[in-house]
2 protein chains.
Amino acid sequence: MKAQLDDLMRDAGLEALLILGAARHNPAMVYFTGIRHIGEGVLVIRRGRAPVLYCHPMEREEAARSGLQSRVVDWARLHERAQGDSVEELSLLLQHTLEEQEVSGRVAIYGRREAGEAQGALSRVEQRMPKVSFVAESRFSSVLGRARITKDADEIDRIRRVGQITVEVVRAVMDFLSSGYADDGRLVDRGGKPVTVGEGKRLIQRLLAERGADNPEGTILSVGRDAGVPHSAGQDGDIIYLGQPLLLDLFPCEAGGGYFHDFTRTWCLGHAPDDVAELHAIVLHAYREAVSALRAGEKALTAQARVCDIFESQGHPTTRSHPGTLNGYVHSLGHGVGLDIHETPALRLAVEGEARLEAGMVFAVEPGLYYPDQGMGMRLEDTFWLRPDGSPEVMAEFPMDLVLPVRARRASSRRQSARKSGASEKR
Amino acid sequence: MKAQLDDLMRDAGLEALLILGAARHNPAMVYFTGIRHIGEGVLVIRRGRAPVLYCHPMEREEAARSGLQSRVVDWARLHERAQGDSVEELSLLLQHTLEEQEVSGRVAIYGRREAGEAQGALSRVEQRMPKVSFVAESRFSSVLGRARITKDADEIDRIRRVGQITVEVVRAVMDFLSSGYADDGRLVDRGGKPVTVGEGKRLIQRLLAERGADNPEGTILSVGRDAGVPHSAGQDGDIIYLGQPLLLDLFPCEAGGGYFHDFTRTWCLGHAPDDVAELHAIVLHAYREAVSALRAGEKALTAQARVCDIFESQGHPTTRSHPGTLNGYVHSLGHGVGLDIHETPALRLAVEGEARLEAGMVFAVEPGLYYPDQGMGMRLEDTFWLRPDGSPEVMAEFPMDLVLPVRARRASSRRQSARKSGASEKR
């Protein structure tokens, strides 16, 4: 949590944090400023002192609204001194903030920004300020990562609100799909036109926007083979066959780039073939076993190991039993969720998975099985937090049903639309 | 344009471009890949060769859909070798791509990414690969910036489509405001409740989402003093007073982080006071004069100088006559618009403004005058492109009217809602 920042900086031997970039869709900056209309700022946090936000004159009132101390930069002068070189302009800006805040020693860099320009500017600052050295931290152990890994009550509330929005939208998508009709093995609308993945995605975009959420990372709504490749997002023109797995992975955030929530369900429209129903049952079993292993004090990798045990015992390859496999269980169990959709802790069989879970952590739990060549994939995912007593609580409840029932289209309406399409062909 | 890339690389003495990060909301990557569900990729472009996209196994089908050559990286092995150090993991990844593509010599870096991690990884790669050196380019003269500065026919079409969406949404906002009523100097709805900036922003979010547009940079919808500070975004709870300038600056992009369009109008609801009407007239005059100065072959700064002449001759301070002023004309005339909302060319009085305009450039033209302490600001903005004949054409037409008429609320409905609120008070 933010309150630990000073201690974490001391432990890491850091004198300051330097955060670059905008105050939107930029987790490190938004963590301190909130979501603001600031296109380019610099936040300097010296150990033991309050953060100071440097901003452009045009953005002075937005900076003040952050509640942080802010300083207006004479950007026109920087620009003139840099003679049209944007790398030089950024390096002069950074040097100015570090000098004014009297920073020396080890400094960690954060913020999402054009990497080439930042790298050039940071190199120049290091050359010009020999008492300053920039420290490359791993995201798994960085000071800011370790502060952000546990959430305070306000952060939990915000993630829960995004979770509520998420399940409202998922419910609406389910209702939209269930309002379709079965026709010749496909899902069609009242007029007989096949329902497409693109329609579902557009519905999701509208419903999220109405509810004050953004969807910067997109939505995975994928059918058949695409559902069998974890990050295949689905094609707008894809139509939905009955009995085929339809995977919806939704991960919106507060509008402007705030807290995320991560959620997946896999459905079959109308009916589920035996092999898909079997996948669903075992993934659901693995999900439940994983959740019961996720308690404060346990290692982050324990639950992943248990899920691998379950899948392997049923004959499914995993990345543990078959490194590099593209079939079976091909990814880790989960990841932290916060201002980034993927952050720490990492629930995986790796050195960073040795870390112990703590109360206040928020993470996605998402076991899955994938068989792209058989046209199927199955993933179930919820976002959990660890309560003060160390036990997991789901951030937003939603049923785990596999089959979404649909009605058969009546023969009379099929004849009607056949007549209509015949008529239009004559024109 | 993309077709010039090889020549530009040769002129700059670059052997390769290296683009980092996601294939969403990441202009340099999206320029080549299109908008894809790729969370972390590396694109290597060697001079004279086709680009090669390196991706995670889970994202192999999304990478293939880009139409580029793609290579799947054994990420699990990289991860293991890096022993939980994400900086090391990225440096191993970059080293792998550079070695496999046999890159040596001067390499430019692009892509939006966590700056600290990228800087650490790039430094290690430079140490380990002494034949590779990373070049810090200014955004005003970078190879990719110079390729992107002129748009081909497909890009123009895409920006024009976003422009059409923009003006549809602006029209709907105008209709929404005009459907309100004048009541005691404020804009109210049928029930007598004051209309707020927040309602307008939520309407905008929904309408953009329905039309397939994202709004990653947010919307400026600001009244009074906020309209007098160019980047103040407006407060959700602000109510709208009649006769006060209401500034709407809308800059959406294609969903997922594609091409932008930039647009501003400033309105007065009901009536315009004389001082606001005067500002509108002179800003509109400056806008027209600026547009007539924007032709292929002219310097980018010529139009800005003309606008300064106009404003100064009417007694308004400008950043030319009064450097650092927060009153009058406090910003430059405009900026390129493309996959970034702010890109080259820069229409300003600086060394980069010496560059000549070329056919195929797309830019925003946005003169404005600001008097925050008098509670007013005025900006008019359209996005233009320079046609093959060198003349400017607006990307989306929209009227420049200042006053939006509203009806007075009838006394009868005022009495009615007064009764209602009285009744509810009794409960």
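The values are calculated or read from the model by the stated rules, or taken from the named source; none is laboratory data. Just so it is clear, the model here is predicted, and its values are computed rather than measured. Neighbour counts run over all protein chains shown; Cβ positions are idealised from the backbone, glycine included. Side chains included, ligands, DNA and RNA excluded: accessible areas come from the protein's heavy atoms. Shrake-Rupley method; radii C 1.70, N 1.55, O 1.52, S 1.80 Å.
Looking only at segment A:66-89, which residues are surrounded by fewer than 20 Cβ atoms within 10 Å (Cβ to Cβ) and out of contact with any Ser or Thr (no Cβ under 9 Å at 6 or more places or on another chain)? Once the filter is applied, which keeps residues that are surrounded by fewer than 20 Cβ atoms within 10 Å (Cβ to Cβ) and out of contact with any Ser or Thr (no Cβ under 9 Å at 6 or more places or on another chain), segment A:66-89 yields A:Gln69, A:Val72, A:Asp74, A:Trp75, A:Arg77, A:Leu78, A:Glu80, A:Arg81, A:Gln83.
Examine segment A:312-323 for a residue that is without any contact (Cβ under 8 Å) to a residue 60 or more places away in the chain, in a helix (DSSP H, G or I) and either under 23 Å from A:Gly375 (Cα atoms) or open to solvent by 30 Å² or more (accessible area, probe 1.4 Å) (or both), and state whether such a residue exists. Yes: one or more hits.
Residue check: is A:Glu80 under 25 Å from B:Leu326 (Cα atoms), of a type in the set (D, E, K, R) and at pLDDT 95 or above? Give the steps one after another, and end with the answer.
Details: under 25 Å from B:Leu326 (Cα atoms): yes; of a type in the set (D, E, K, R): yes; at pLDDT 95 or above: no.
No.
A quick yes/no check of all residues on (1) in contact (Cβ under 8 Å) with a residue 12 or more places away in the chain; (2) touching a strand residue (DSSP E or B) at 6+ places or on another chain (Cβ under 6 Å); (3) open to solvent by less than 10 Å² (accessible area, probe 1.4 Å):
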residue: B:Thr264; (1), (2), (3): yes, yes, yes
residue: B:Val283; (1), (2), (3): yes, yes, yes
residue: B:Ala286; (1), (2), (3): yes, no, yes
residue: B:Arg295; (1), (2), (3): yes, no, no
residue: B:Leu301; (1), (2), (3): yes, no, no
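Screening B:Ala115, B:Ala153 for residues that are among the aliphatic types (A, V, I, L, M) and open to solvent by less than 10 Å² (accessible area, probe 1.4 Å) leaves exactly one candidate, B:Ala115.
Which residues, counting only those in segment B:180-213, are in a loop (DSSP other than H, G, I, E, B) and open to solvent by 60 Å² or more (accessible area, probe 1.4 Å)? Please lay out each step first, then the result.
Step one: list which residues in segment B:180-213 are in a loop (DSSP other than H, G, I, E, B), which gives B:180, B:184-185, B:189-193, B:195, B:211-212.
B:Asp184, B:Arg190, B:Lys193, B:Arg211, listed by residue number.
Please indicate, with yes or no, whether at least one residue in segment A:375-387 is among the polar types (S, T, N, Q) and either open to solvent by less than 10 Å² (accessible area, probe 1.4 Å) or assigned to a loop (DSSP other than H, G, I, E, B) (or both). Yes, segment A:375-387 has at least one match.
Among the residues of segment A:237-256, are any of a type in the set (D, E, K, R) and buried (at least 23 other Cβ atoms within 10 Å of the Cβ)? Yes, segment A:237-256 has at least one match. State whether the residues of segment B:88-97 include one that is among the polar types (S, T, N, Q) and part of a strand (DSSP E or B). Checked against the condition, which is being among the polar types (S, T, N, Q) and part of a strand (DSSP E or B), segment B:88-97 yields no hits at all. Where strands (runs of 3 or more DSSP E) fall entirely within segment B:100-151, those with at least 1 residues that are in contact (Cβ under 8 Å) with a residue 12 or more places away in the chain and more than 7 Å from every other protein chain (Cβ to nearest Cβ) are at B:105-110, B:132-135. Considering segment A:46-63, the residues that are touching a helix residue (DSSP H, G or I) at 6+ places or on another chain (Cβ under 7 Å) and in contact (Cβ under 8 Å) with a residue 24 or more places away in the chain include one that is least open to solvent (accessible area, probe 1.4 Å), namely A:Tyr54. Being part of a helix (DSSP H, G or I), away from every other protein chain (no Cβ under 14 Å), hydrophobic (A, V, I, L, M, F, W, C) and open to solvent by less than 20 Å² (accessible area, probe 1.4 Å) holds for only one residue in A:Ala305, A:Ala290, and it is A:Ala290.
Here is a list: A:Val188, A:Val143. Which entry is more than 15 Å from A:Leu250 (Cβ to Cβ) and in contact with a Pro (Cβ under 6 Å, 6 or more places away or on another chain)? First the steps, then the outcome.
Numbers: A:Val143 fails: in contact with a Pro (Cβ under 6 Å, 6 or more places away or on another chain).
Of the residues listed, the single one that is more than 15 Å from A:Leu250 (Cβ to Cβ) and in contact with a Pro (Cβ under 6 Å, 6 or more places away or on another chain) is A:Val188.
Does B:Arg171 qualify as being closer than 28 Å to B:Thr264 by Cβ, within 13 Å of chain A (Cβ to nearest Cβ) and of a type in the set (Lys, Arg)? I'd like the intermediate steps shown before the answer.
Working: closer than 28 Å to B:Thr264 by Cβ: yes; within 13 Å of chain A (Cβ to nearest Cβ): no; of a type in the set (Lys, Arg): yes.
No, not satisfied.
For A:His25, the conditions (1) within 8 Å of chain B (Cβ to nearest Cβ); (2) in a loop (DSSP other than H, G, I, E, B); (3) free of Cβ contacts under 8 Å to residues at least 40 places away in the same chain all hold with the exception of (3).
For (1) modelled with pLDDT of 95 or more; (2) among the small types (Gly, Ala, Ser); (3) within 22 Å of the chain's Cα centre (by Cα), each residue gets a yes or a no:
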residue: A:Asp236; (1), (2), (3): no, no, yes
residue: A:His261; (1), (2), (3): yes, no, yes
residue: A:Thr264; (1), (2), (3): yes, no, yes
residue: A:Cys268; (1), (2), (3): yes, no, no
residue: A:Val276; (1), (2), (3): yes, no, no
residue: A:Ile282; (1), (2), (3): yes, no, no
residue: A:Gly328; (1), (2), (3): yes, yes, no
residue: A:His335; (1), (2), (3): yes, no, yes
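Of all the numbered requirements in (1) part of a loop (DSSP other than H, G, I, E, B); (2) open to solvent by 10 Å² or more (accessible area, probe 1.4 Å); (3) within 14 Å of chain B (Cβ to nearest Cβ), A:Ser232 misses one, and that requirement is (2). If the condition is being open to solvent by 50 Å² or more (accessible area, probe 1.4 Å), charged (D, E, K, R) and closer than 28 Å to B:Glu352 by Cβ, then segment B:127-141 contributes only B:Arg139.
Taking the criterion of being at the interface with chain A (Cβ under 8 Å from one of its Cβ atoms) and of a type outside the set (Gly, Ala, Ser), the residues of segment B:37-62 that qualify are B:His37, B:Ile38, B:His56, B:Pro57, B:Met58, B:Glu59, B:Arg60, B:Glu61, B:Glu62.
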